[in-house]
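The values are calculated or read from the model by the stated rules, or taken from the named source; none is laboratory data. Fair warning: this is a prediction, and the values are worked out from it, not measured in the lab. As a convention, Cβ positions derive from the backbone with ideal geometry for all residues, glycine included, and neighbour counts pool all protein chains shown.
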Amino acid sequence: LAVSVAQFERQRARARLAEEGGRLGVVSVQRAGGSFQEVWEDGRAFAELNARAVSLTHAKEAAEQQRKLVKRRLPLPGVTEASADPAAAQAAQAAQAEYVLSEEAHKVRVGGIKREEDAIAREREALEREKNAHIRELKRARDEDSSRFNQHPLLGGRYVLMNMLGRGGFSEVYKAYDVAEMREVACKVHQLSQHWSEARKSTYVRHATRECSIHKRLDHSSVVKHVDVFEVDQNSFCTVLELCTGDDLDARLKAHGPIAEREARIILAQVFAGLNYLAGGARPVIHYDLKPGNILFDAAGRVKITDFGLSKEMDGGGALGGGIGDSGMELTSQGAGTYWYLPPECFETGPAPPKISSKVDTWSCGVILYQMLYDRKPFGHDQSQEQILHAGTILNAQQVEFPATPKVSAECKEFIKRCLARKQADRPDVSTAAADPYMTYAK
């Protein structure tokens with residue numbers, strides 16, 4: 001039954017891709033010299049939008065030509081007063097009246113064209129978002145077609161792989177059906193290349209094992225649950241996670257743009273609830289790679305934090321292995337992570353590794369809240385990771401600046417400023433930020 005459902009879903013997804021391809025665009029192959037390359041061709045929706053834009057341009061030109069034509073019929077300055085011929089004076093007054101009327105008509109027409117142009121710009125922006133989502137789905141379908149697990153195998157004696165959710169790095173994530181518990185789950189299949197050295201394979205396995213050891217002990221409503229882990233074959237193993245059937249925050253922002261403050265606030269409050277749980281307990285955890293792509297939504301729209309691949313586990317004193325107490329723990333994986341969301345201390349260099357704490361996650365939350373509201377990152381938005389590193393963009397980040405629009409409350413801006421305080425000493429830790437009045441809803 002699970003396989004039949006998966007096959008039906010796959011056929012429906014492919015049919016939807018084909019249908020949307022005509023509207024949004026397709027990938028075609030063209031010759032480039034002695035080779036072939038893939039190029040994107042926009043669909044009919046873009047052609048129709050472009051035709052409307054051209055039509056408006058012509059309308060604007062016609063309106064301007066008519067305006068100039070009427071203006072040419074105006075008498076020279078002073079002619080109306082100086083003319084002794086009543087008929088000439090009357091004609092001049094009529095031309096002046098026609099010009100005033102024409103100017104008003106022109107302003108109204110140009111105003112209408114401007115509104116239509118603005119509407120087209122909004123439609124184009126929405127269409128571009130649809131196109132980007134369509135391209136992501138095309139990539140997912142291609143990845144699924146090339147996967148060696150695309151024929152619905154039974155893994156671990158209980159998990160039927162249904163359809164691919166995504167591929168990244170050296171792993172593939174599938175929606176799967178757990179025949180033992182009669183429920184849907186997410187299976188993340190890690191594949192080690194047969195061309196890797198044994199040392200590299202060992203490092204990858206050790207890293208993944210460490211991630212699992214942290215994740216499997218976590219149990220909170222705002223954290224994706226770890227279900228199982230097992231070996232698939234000599235070069236593959238699988239981790240089984242709670243399935244979140246909603247989208248992720250990154251996909252939501254790309255599909256719909258900025259989020260209203262009220263919605264952004266409750267999303268972040270749920271994130272902080274999960275982070276506050278991570279920061280508590282006998283061995284606190286720093287997520288370290290918090291970003292929109294690692295914030296999922298379940299079927300009810302509730303937030304779930306995922307991906308603990310770069311997480312840091314501390315002892316109760318705030319250190320790794322009892323080293324440096326409340327001042328934080330030494331950062332031993334410098335260079336890893338997603339730079340737009342990491343604080344300045346993660347880029348510090350010197351004879352000793354920089355010291356970090358849960359304030360890393362507080363900074364990440366500040367960036368995410370800013371991005372939800374303004375549809376851009378506060379630092380290095382138009383830069384690549386390499387450019388951010390070489391330019392010292394985050395290391396030298398100062399006071400955050402806020403765009404004039406959209407309108408955001410003063411309380412929200414002040415909270416973002418606190419989260420993005422450059423100095424660790426001025427930035428709240430996760431527990432303090434989670435208890436901030438802006439992040440609490442209790443009366």
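General remarks:
- Tally, over the range 48-73, of residues that are of a type outside the set (V, I, T) and either in contact with a Leu (Cβ under 9 Å, 6 or more places away or on another chain) or not assigned by TED's automatic domain parsing to the domain that holds E98 (or both): 1
- On inspection, A186 fails the criterion of being closer than 30 Å to E123 by Cβ and under 24 Å from the mean Cα position of the chain (by Cα).
- There is no residue in the range 401-410 that is under 28 Å from I266 (Cβ atoms) and in contact with a strand residue (DSSP E or B) (Cβ under 9 Å, 6 or more places away or on another chain).
- If you go through the range 140-163 and pick out every residue that is in contact with a Lys or Arg (Cβ under 9 Å, 6 or more places away or on another chain) and within 20 Å of T245 (Cβ to Cβ), you end up with 7.
- All positions within the range 381-435 that are of a type in the set (S, T, Y) and modelled with pLDDT of 95 or more: S409, S431, T432
- Spans of helices (runs of 4 or more DSSP H) in the range 2-110 with at least 2 residues modelled with pLDDT of 85 or more and closer than 30 Å to L155 by Cα: 2-24
- Unique match (being basic (K, R) and either touching a Ser or Thr at 6+ places or on another chain (Cβ under 6 Å) or in contact (Cβ under 8 Å) with a residue 12 or more places away in the chain (or both)) among R167, R217: R167
- Test: residue in the range 224-240 that is of a type in the set (S, T, N, Q), closer than 25 Å to A299 by Cβ and touching a His at 6+ places or on another chain (Cβ under 9 Å): yes
- Residue tally, condition closer than 19 Å to E345 by Cα and either assigned to a helix (DSSP H, G or I) or over 12 Å from the mean Cα position of the chain (by Cα) (or both), over the range 363-380: 9
- Unmet criterion (only one of (1) crowded, with 23+ Cβ neighbours inside 10 Å; (2) over 16 Å from the mean Cα position of the chain (by Cα); (3) modelled with pLDDT of 95 or more) for Y341: (2)
- Scan of the range 1-27 for residues that are surrounded by 11 or more Cβ atoms within 10 Å (Cβ to Cβ) and over 21 Å from F149 (Cα atoms), ordered by number: R16, L17, E20, G21, G22, R23, L24, G25, V26, V27
- Taking the range 138-184 as the range and being hydroxyl-bearing (S, T, Y) and part of a strand (DSSP E or B) as the test, the residues that pass are Y159, S171, Y174, Y177.
- In the range 276-321, the residues that are over 27 Å from I266 (Cβ atoms) and at pLDDT 95 or above: none
The rows are residues; the columns are (1) modelled with pLDDT of 95 or more; (2) buried (at least 17 other Cβ atoms within 10 Å of the Cβ).
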site: K175; (1), (2): yes, yes
site: A199; (1), (2): no, no
site: T209; (1), (2): no, no
site: I214; (1), (2): no, yes
site: H226; (1), (2): yes, yes
site: E242; (1), (2): yes, yes
